[in-house]
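Asks: Structure below; questions to follow.
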Amino acid sequence: MDIPRITAEDRKHAVSPLSRQDAKRVASKVDRYRQENPDEFHTWDTARGSVFQYRGWRFYYGSCRDCSDLVTKSRDISRYKDGPTNLGRWPVLCPPCRTANSQRIQAANLARIRALRAEEKAKRDTQREKYGLPQITPGYRSDLYA
Ligand SMILES: [Zn+2]
């Protein structure tokens, strides 16, 4: 079977693809639109606040779920030239409330695990007593020193 070979003559007019970095520098349709309409802005309301979009940035101003304090967040959407720019929900809690909330969740998880371990230990102890086995001490072979 004769395999066709690519010669230097074939490569002469070939277009080499742009590297990823070079491709990012090429202005997209969105970039051209932003360059042609620099002062255009959009605003819209969300469940807990409102968003202001201007020059490839989105600024969120909302109220905290717990203390009704101001919650702000800015996002650079100019980096997202193709594809969706809905980058998840806007923050619900202000920074102090967020810290308090995460600490509350952590404490609840610790308490849950502690209760689960205590329950397992109690179950183990009742079974051990039922069969008349010695107490299990970590690091001590009770079966050797009866
Ligand atoms: Zn708050």
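Asks: Put Phe59, Phe41 in order of accessible area, largest first, 1.4 Å probe: what do you get?
Replies: Putting Phe59, Phe41 in descending order of accessible area: Phe41, Phe59.
Asks: Mind jotting down a quarter of the surface of the convex hull over the alpha carbons of the chain, in square nanometres, one decimal?
Replies: So the Cα hull casts an average projection of 25.0 nm².
Asks: Residue by residue through segment 107-115, what is 3J(HN,Hα) from phi via Karplus (6.51 cos²θ - 1.76 cosθ + 1.60, θ = phi - 60°)? Round to whole Hz and write x for glycine and proline.
Replies: With the stated coefficients, segment 107-115 comes to 5, 5, 5, 4, 5, 4, 5, 4, 5 Hz.
Asks: On to the next question. With a 1.4 Å probe and all protein chains left in place, how much of the accessible area of the chain comes from carbon and sulfur atoms, in whole percent?
Replies: The computed percentage sits at 54.
Asks: Another question about this same structure. So which residue, out of Pro134, Pro38, Pro96, gets the largest mean-square fluctuation from a GNM of the chain using Cα contacts under 10 Å as springs?
Replies: The residue with the greatest mean-square fluctuation here is Pro134.
Asks: Let me ask something additional. Name the residue, out of Gly49, Gly62, Gly132, whose mean-square fluctuation peaks in a Gaussian network model built on the chain with Cα pairs under 10 Å.
Replies: The residue with the greatest mean-square fluctuation here is Gly132.
Asks: Distance in nm between label sites at Lys121 and Asp22, each 7 Å beyond Cα in the beta-carbon direction?
Replies: 6.6
Asks: If you don't mind, there's one more thing I want to ask. Given 20 °C and 1.002 mPa s, compute D for segment 94-136 with the Stokes-Einstein relation, Rh being the Kirkwood radius over Cα pairs; round to the nearest whole µm²/s.
Replies: Here the translational diffusion coefficient equals 169 µm²/s.
Asks: What nm value, rounded to one decimal, do you get for the distance between Ile105 and Tyr140 when each label is placed 7 Å out toward the C-beta?
Replies: Once both label points are built, they end up 4.2 nm from each other.
Asks: Another one. Tell me which lysines have Cα within less than 18 Å of Lys12's Cα, excluding those fewer than 8 residues away on the same chain?
Replies: Counting by Cα, and skipping residues close in sequence, Lys12 has no lysines nearby.
Asks: Using a 10 angstrom cutoff on alpha carbons, build the Gaussian network for the chain and name the most mobile of Asp22, Asp39, Asp66.
Replies: Looking only at Asp22, Asp39, Asp66, the biggest GNM fluctuation is shown by Asp22.
Asks: For segment 22-93, what percent of Cα pairs sit more than 15 Å apart?
Replies: 59
Asks: May I ask for the distance between the Cα centers of segment 101-146 and segment 1-38, given as a whole number of Å?
Replies: 64
Asks: In straight Cα distance, which lysines are under 30 Å from Lys121, not counting same-chain residues fewer than 8 positions off?
Replies: Within the straight-line cut-off, Lys121 pairs with Lys130.
Asks: Per residue, what accessible area does the chain have, given a 1.4 Å probe and all protein chains present, in Å²?
Replies: 87
Asks: What residues have an amide H closer than 5 Å to that of Asp69, excluding those fewer than 5 places away on the same chain, when H is modeled at 1.01 Å from N in the peptide plane?
Replies: When sequence neighbours closer than 5 places are left aside, the close amide H contacts are Cys64.
The values are calculated or read from the model by the stated rules, or taken from the named source; none is laboratory data. Source: prediction; values computed, not measured. Cβ coordinates were reconstructed from backbone atoms using ideal geometry, including for glycine residues, and neighbour counts include every protein chain displayed. For the accessible areas, the whole protein counts, side chains as well, though only heavy atoms, and no ligand, DNA or RNA atoms are used. Shrake-Rupley method; radii C 1.70, N 1.55, O 1.52, S 1.80 Å.
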